[in-house]
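The values are calculated or read from the model by the stated rules, or taken from the named source; none is laboratory data. Computed from a predicted model, the values in this text were never measured in an experiment. Here the Cβ positions follow ideal geometry from the backbone for every residue, glycine too, while neighbour counts run over all protein chains shown. When the accessible area is computed, the model is the full protein with side chains, heavy atoms only, and any ligands, DNA or RNA have been set aside. Shrake-Rupley method; radii C 1.70, N 1.55, O 1.52, S 1.80 Å.
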Amino acid sequence: MTNFIYALNEDRDFSGAAEVAELLLEEPKPDNIVAGLSETYMAETYNALSQYGRALSLAETALSEATHPVISDRARRPYLIALAGLGRVSEARARIDEWDWAFDPTDPFAAIPNRDVLYAEALLAKHRGDTEQSITLLKRWADLQINQVQSSNAAGMTSLLSNLENTRERQTEREAALQREAELKAIQLEQQSRLNRMLWILIAGLTIAFNMLLAFLRY
């Protein structure tokens, strides 16, 4: 179910992901699940639905339970967005400084760690009352989202075309194999037909010879 939530998030079906998350929260955790992973994905889901309070609670759980650094780093992103969404500007700013996710407010197009931090900065600008910068950052965030979708679609189309080409090649190979098999069967049938004719000729010859022998014996 954790993977299902991730897949729905990637497909931007956040409502569906939230429904699965509600079911997952009611179930006992299996022993083999990666600590903090499901809470991280669910926090991302609720942030996308602007339910920042619930997202923050899940992100805090993920950060407290995660033992792998990759999971901890991933959980920081929904945690930061939830803080920014709730308007807890000073806490969010402290986390950005702590995690060395530097951002220059005078240069909205400066490089920043990832799209999640960019979105958090847009929310922080909104809560500071800097609507213009918030809109600018959101536009840049939307551009990055669109670029990601386009890149994903382009990769998917390339993969699809490659699969189609492979399918055509395999179809051609199968047709060639079937053609070779048909030719081999035709050769085998021709050989069998020749053998049958030779056997009939031999039988006919033996029959004539036998009859001639009987006639000679009678004579």
Practice task
Report, to the nearest whole %, how much of the accessible area of region 166-219 belongs to carbon and sulfur atoms, 1.4 Å probe, protein only.
Solution key: 65
Completion exercise
Between the modelled labels at Ile135 and Leu195 (7 Å from Cα along Cα→Cβ) the distance in nm is 8.9
Handout entry: Mean Cβ neighbour count within 10 Å, used as a protection proxy, ranking 208-219, 120-131 highest first
Key = 120-131, 208-219
Exercise for the section: Roll a 1.4 Å probe over the protein chains and send me the accessible area per residue for region 175-219 in Å². Expected result: 98
Exercise for the section: Compute the FRET efficiency between Phe210 and Leu178 as 1/(1 + (r/R0)^6), taking r as their Cβ-Cβ distance and R0 = 35 Å, and round to the nearest 0.05. Expected result: 0.15
Exercise for the section: Name all residues of region 64-81 having a backbone nitrogen under 14 Å from the label point set 7 Å from the Cα of Val34 along its Cα→Cβ direction, giving them as ranges. Expected result: 66-76
Practice task
Starting with the highest mean, order 85-93, 182-190 by the number of other Cβ atoms within 10 Å, averaged over the residues of each peptide.
Solution key: 85-93, 182-190
Problem - Cβ-based charge dipole, region 161-219, positive-most Cα from Leu195, Ser162, Ala215 - result: Ala215
